[in-house]
Structures are given as C-alpha cells and as structure tokens.
1. If Ile201 satisfies every condition in (1) within 20 Å of Gly126 (Cα to Cα); (2) surrounded by fewer than 21 Cβ atoms within 10 Å (Cβ to Cβ) but one, which is the exception?
2. Answer with yes or no whether Leu230 is surrounded by 14 or more Cβ atoms within 10 Å (Cβ to Cβ) and modelled with pLDDT under 95.
3. Of everything in the stretch 110-143, what is within 18 Å of Ile154 (Cα to Cα) and free of Cβ contacts under 8 Å to residues at least 40 places away in the same chain? Give them in sequence order.
4. In the stretch 168-198, which residue that is more than 28 Å from the chain's Cα centre (by Cα) and in a loop (DSSP other than H, G, I, E, B) is modelled with the highest pLDDT?
5. Kindly list the number of the only condition in (1) within 14 Å of Gly126 (Cβ to Cβ); (2) in contact with a Lys or Arg (Cβ under 7 Å, 6 or more places away or on another chain); (3) not small (Gly, Ala, Ser) that fails for Ile144.
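The values are calculated or read from the model by the stated rules, or taken from the named source; none is laboratory data. As the structure is a computational prediction, the values presented were derived from the model and not from experiment. With ideal geometry, Cβ positions are generated from the backbone for all residues, glycine too; neighbour counts draw on all protein chains shown.
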Amino acid sequence: MAAHSSCNFALANPIISRIDSSSKQKKPSVPLYFFSTRNPLTNPWLGVVDSSSLSLTSPVSALQTNRRRIHKPVISSLPTANPDLVVSDAKKPKWSWRAIKSFAMGELEARKLKYPNTGTEALLMGILIEGTSFTSKFLRANKIMLYKVREETIKLLGKADLYFFSPEHPPLTEDAQRALDSALDQNLKAGSIGEVMPAHILLGIWSEVDSPGHKILATLGFTDEKSKELESFASKSGFLDE
C-alpha cells in the first residue's frame, strides 16, 4: 500500500517525474555549465534568463581597469630645524639608505607604542630594528638589544593610552630633532665625506644628555668610551654601512 501511494505521488509531481526521466537518459557530451548564446536560458525556479545580458568580462580584468595607481614620494633626506645646515644640493649631505630606514622604523615603533611623538628612544629602536648597519651590530655586541630598549622606554615614559592613535608620521621631539641636526653637523665638520649614517644618529642621541634615548643607553651600559670608539669608526667613510 505504501509503495503504491509513493508511486502515485511521484507521478503526480512533475518535478520528480522530470528528474526520474532525465536520470535514465545518457549524460550530455557538453558540460552543464556551457550554454548556447543563441537560445535563452530556462530554469524552472528562475524563469527565463536572456543570455545576451550575461557579462563575459573577467572579474580580474575588471579590477585591473578600475585600479588607480598611487604614487608615494620617496624620502631622500631627513628633516632639519637648523637653517645653517640648509645648503645647496651640491653641498647637501646625503643620508645613507640605512639611516633613512632607521628613521622610518623609529617612526613606526613610536606608532606601535602609541606615542604622539618620535623621540630619541624611537630613533634608537629604529637603528636596532633596521639591523644591518655596523651601528646596530655594535649595539647588539654590547648587549643593547631591542627588547631591552623597549622595556626601558616603557619604564621611563610609561604606557600610552590604549585608545590613543598616533599620527601617520609622529612629529619629532625637540631632542630628537637636535640629535638629527647633530648627525648632520658631524658630517659637515668632517668635510661632508661619505654619507650620514646610523652611527651619526646614535652619536647625536648620545649628545642629548637629558633625552630619553641617552638615559636608556646609559642604563644599558653605553659609555663615553664606547661613544668614542664608535666615533672613530664613523670617521672612516663608508666603513660602517658595508
């Protein structure tokens, strides 16, 4: 009785009858996802779909056509607040790419710590994050590591507000600006031989006695003797960044 009723239900339902009849036919040689562009597409649930309205444009190509190129300026020098150091392009000291990267990494570290400014402590961390210069290797050889500098920075300056967001380029503090000016001044006194390197930045940080960067260096064991040792290497053009 149950089998007889189910059979009657299958015959009464056109959709099930259609599926049952199609399953007995041979599989089509053309894939099911291929449709002719001459005939409209029919679907028992969606009705009639006109194939001419279908877009054959690849989504990847559509994105490429709508993509807009964004040009970003490349930093070739670092900011200075001393007008006496602003000279012609021919005599202007050149910053090495490691010094520029150290500065950029210092800005980024200040943003990570949610500080409103880029200070001497951030410049110091930027030198260590860059990691390939002679100066960063010199610091690590003297047990001055990035995580130690970060810990001492938080001890000295405290943690920033959790909900504070630093600007994209946190402005330099006064002592950090003077440290960069000191790095330029060292290069000018040497006759602008070679490029301004991370060693000059570190020596500029050390010259700012009351700055957080100097205090952190002193806490971690950096001394005037090590500063003179680094300065003797800095006088040799091109040696520190090789």
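1. All conditions are met except number (2).
2. Working: surrounded by 14 or more Cβ atoms within 10 Å (Cβ to Cβ): yes; modelled with pLDDT under 95: yes.
For Leu230, the condition - surrounded by 14 or more Cβ atoms within 10 Å (Cβ to Cβ) and modelled with pLDDT under 95 - is met.
3. Across the stretch 110-143, the qualifying residues are Lys112, Met125, Gly126, Leu128, Ile129.
4. Gly194
5. Here Ile144 clears every test but (2).
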